[in-house]
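Asker: My questions all concern the structure below.
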Amino acid sequence: MKWREHTYAVPVRREVDPARLATIDPAALETADESGFLAGNAMFQDLSGLSWADAATAVAAETELITRLKAAEDLDAEAELVDEERYDAFENADALWNLDVGVIGAVIVLSALGCAPVGSCNAGGFGGQHQGQHPYVTFYLPSAAMGEVLALAAAAQVGLILDEDGRAQLYSDHDLGLIRFAELAVSSQIGGAPYQR
């Protein structure tokens with residue numbers, strides 16, 4: 001089966017109450033990184049504190065992977081091959097931080113913005129079986145980054161809400177929304193381009 005863009009039945013909203021923003025102690029992040037478990041994510045890795053150079057690398061590599069997956073005659077077989085190649089990588093960046101294609105750039109951009117990502121899923125939009133009902137990234141959003149994240153979400157036409165625990169969730173109603181978010185963020189930071197291109 002060839003790739004086709006999925007749309008997901010989720011309303012795109014941007015509603016963030018600054019009074020409800022959850023915070024996390026850096027020590028708790030370190031403990032969770034060692035245990036591999038945080039906020040329901042049994043494969044947690046602390047990806048906070050990454051740079052804009054990391055974000056640019058992630059977006060470029062993710063774009064190449066998406067082009068490859070879109071061109072494949074058998075999406076699931078190609079997705080398996082991509083995963084095997086990534087698992088053999090020694091460097092975290094070469095393995096694209098073991099994140100799902102479709103959310104890689106967004107996770108790393110949020111980290112570069114000072115957020116602490118805690119979970120993500122591409123909802124199976126680029127092959128394989130995934131638990132998410134739509135592409136998303138869950139993260140701790142510092143109030144200082146809220147304005148910029150909201151502006152980028154609006155420019156990319158993706159959603160940004162808080163869950164019941166005050167963690168932020170960036171999400172999309174289609175496969176390419178979070179990639180657009182990441183591209184806009186990197187172009188604004190690295191290239192100086194405005195959010196709206």
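Each value in this text was obtained by applying a stated rule to the coordinates, not by laboratory testing. The structure displayed is predicted, hence computed values, not measured ones. Here Cβ is always computed from backbone atoms with ideal geometry, including for glycine, and neighbour counts include all displayed protein chains.
Asker: Suppose we filter L150, L162, L176 for residues that are surrounded by fewer than 20 Cβ atoms within 10 Å (Cβ to Cβ) and within 12 Å of the chain's Cα centre (by Cα); which single one remains?
Answerer: L176
Asker: If I ask for residues that are part of a helix (DSSP H, G or I) and β-branched (V, I, T), which ones from region 148-184 would you list?
Answerer: Those that are part of a helix (DSSP H, G or I) and β-branched (V, I, T): V149, I179.
Asker: Would it be correct to say that A55 is touching a residue at least 40 places away in the same chain (Cβ under 8 Å) and within 17 Å of A182 (Cβ to Cβ)?
Answerer: Yes: the conditions hold for A55.
Asker: Another one. How many of the residues making up region 82-128 are hydroxyl-bearing (S, T, Y) and either more than 15 Å from L65 (Cα to Cα) or in contact (Cβ under 8 Å) with a residue 40 or more places away in the chain (or both)?
Answerer: Residues in region 82-128 being hydroxyl-bearing (S, T, Y) and either more than 15 Å from L65 (Cα to Cα) or in contact (Cβ under 8 Å) with a residue 40 or more places away in the chain (or both): 2 in total.
Asker: Sort through A55, A79, A72, A27 and tell me the only one that's under 20 Å from I108 (Cα atoms) and among the aliphatic types (A, V, I, L, M).
Answerer: Numbers: A79 fails: under 20 Å from I108 (Cα atoms); A72 fails: under 20 Å from I108 (Cα atoms); A27 fails: under 20 Å from I108 (Cα atoms).
Going through A55, A79, A72, A27 in turn, just one is under 20 Å from I108 (Cα atoms) and among the aliphatic types (A, V, I, L, M): A55.
Asker: So, one more: Right, A9: within 17 Å of Q169 (Cβ to Cβ) and out of contact with any strand residue (DSSP E or B) (no Cβ under 7 Å at 6 or more places or on another chain) or not? Reasoning before the result, please.
Answerer: Details: within 17 Å of Q169 (Cβ to Cβ): yes; out of contact with any strand residue (DSSP E or B) (no Cβ under 7 Å at 6 or more places or on another chain): yes.
The answer is yes for A9.
Asker: Considering only residues that are of a type outside the set (G, A, S) and closer than 19 Å to H130 by Cα, which ones fall in region 86-100?
Answerer: Passing the criteria: R86, Y87, L96, W97, N98, L99, D100.
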